[in-house]
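Since the structure comes first, as structure tokens, the remarks are kept for the end.
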Amino acid sequence: MLNNKMLNTIIMKSIITIFFALFFVFLAASTKTSAQEFQGKAYYFSKSTMELGSFGARLSEAQKKQIQERLKNRLQKTYVLTFNKEESTFKEEDKLDAMSGATDSWGSNFTPGEQYKNIKTNTLRQNQEFYGKQFLVKDNLLALEWKMTTEIKQIGNYMCFKATASVPSSELSWYNFSWGDLNEDDSSEVKMTEVVAWYSPQIPVSQGPSEYWGLPGLILEVNVGTTTMLCSKIIMNPDEKSEIEAPKKGKEVTKNEYQEIIAGKMKEMRDNRGRRRG
């Protein structure tokens, strides 16, 4: 039979055990809540140069400048990345478009839509509109094998480190189209594109603009081909939080399926145009 001293000892140990169990449950819940409440907004300015190729060789500098100015809304864009520890949304900021209706209608079919990334579940969700039809692209995040370097530079108030990755070109432009895509053979050669990113460990989230992610700090600058995306402003823990959630509307397709839909439609248009001329 237990005496009072032993009974009190057992009771105290039980109380302490329960106390610590409740403490760790509370701590886990607080950490989860903190991660959910943590939020930031990063604003990016994107600028591209247009490759005019052999066509450009026949143009005067004034004509080249006129073309660049006319296409300014396509070549220069502003985006906002809203992020927390695990998720992010990336979308173009609303602005008035000075392009002509016909030209803009064509261009809008081959631009990236609003995007959602979840680095915990390795999922990408992206809205795309193609000739009036809504699609919801559901796929894995872009696979990036970053090579870290010790090269550093300052971007605004943040010290950034350089990282590079080599990515199949088709995986960076799956929402886009060029007529040359229909003429490519089934060669096994895979075209690669070099991606250069600058990230800051001062903002310890593995997020970035567009499909770029996977570094030990927020990506503040990305250079890919003729396009540069540079962060111009960061707001940490804004007073007014934004919803970070995956889009849900549209016909569900993968990236590859979406590419096939685009290629099929453009081939149909080309063939119809050829028959009318004939």
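The values are calculated or read from the model by the stated rules, or taken from the named source; none is laboratory data. Just so it is clear, the model here is predicted, and its values are computed rather than measured. Ideal geometry is used to build each Cβ from the backbone, glycine not excepted, and the neighbour counts take in all protein chains shown.
Conditions tested, residue by residue: (1) modelled with pLDDT under 95; (2) crowded, with 18+ Cβ neighbours inside 10 Å; (3) in contact with a strand residue (DSSP E or B) (Cβ under 9 Å, 6 or more places away or on another chain).
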site: Trp174; (1), (2), (3): yes, yes, yes
site: Leu215; (1), (2), (3): no, yes, yes
site: Cys231; (1), (2), (3): no, yes, yes
site: Lys248; (1), (2), (3): yes, no, yes
site: Arg270; (1), (2), (3): yes, no, no
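Every listed requirement among (1) closer than 17 Å to Asn84 by Cα; (2) touching a Phe, Trp or Tyr at 6+ places or on another chain (Cβ under 8 Å) is met by Val222 save one, (1).
Conditions (1) assigned to a loop (DSSP other than H, G, I, E, B); (2) at pLDDT below 95, marked per residue:
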{"site": "Gln63", "(1), (2)": "no, yes"}
{"site": "Glu69", "(1), (2)": "no, yes"}
{"site": "Thr82", "(1), (2)": "no, no"}
{"site": "Met99", "(1), (2)": "yes, yes"}
{"site": "Ser105", "(1), (2)": "no, yes"}
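Residues in the range 151-170 that are more than 21 Å from Cys231 (Cβ to Cβ) and touching a strand residue (DSSP E or B) at 6+ places or on another chain (Cβ under 8 Å) were compared, and the one that is surrounded by the most Cβ atoms within 10 Å (Cβ to Cβ) is Pro168. Of all the criteria given as (1) in contact with a helix residue (DSSP H, G or I) (Cβ under 9 Å, 6 or more places away or on another chain); (2) in contact (Cβ under 8 Å) with a residue 60 or more places away in the chain; (3) not in a loop (DSSP other than H, G, I, E, B), the one not satisfied by Met229 is (1). Looking across the range 199-216, just one residue is without any contact (Cβ under 8 Å) to a residue 60 or more places away in the chain and within 15 Å of the chain's Cα centre (by Cα), and that is Tyr199. For the range 186-209, a residue qualifies if it is of a type in the set (Ser, Thr, Tyr), modelled with pLDDT of 95 or more and part of a loop (DSSP other than H, G, I, E, B), and exactly one does: Ser206. The residue of the range 138-150 that is nearest to Pro247 (Cα to Cα), among those that are out of contact with any helix residue (DSSP H, G or I) (no Cβ under 8 Å at 6 or more places or on another chain) and surrounded by 15 or more Cβ atoms within 10 Å (Cβ to Cβ), is Lys138. In the condition set (1) in a loop (DSSP other than H, G, I, E, B); (2) modelled with pLDDT under 95; (3) of a type outside the set (Phe, Trp, Tyr), Leu144 is compliant with all but (2). Screening Gln134, Gln128 for residues that are in a strand (DSSP E or B), surrounded by 14 or more Cβ atoms within 10 Å (Cβ to Cβ) and touching a residue at least 24 places away in the same chain (Cβ under 8 Å) leaves exactly one candidate, Gln128. Would you be able to say whether some residue in the range 236-246 is surrounded by 14 or more Cβ atoms within 10 Å (Cβ to Cβ) and at pLDDT 90 or above? There is at least one residue in the range 236-246 that is surrounded by 14 or more Cβ atoms within 10 Å (Cβ to Cβ) and at pLDDT 90 or above. For the range 107-124, filtered to residues that are at pLDDT below 90 and in a loop (DSSP other than H, G, I, E, B), the residue that is farthest from Ile234 (Cα to Cα) is Asn109.
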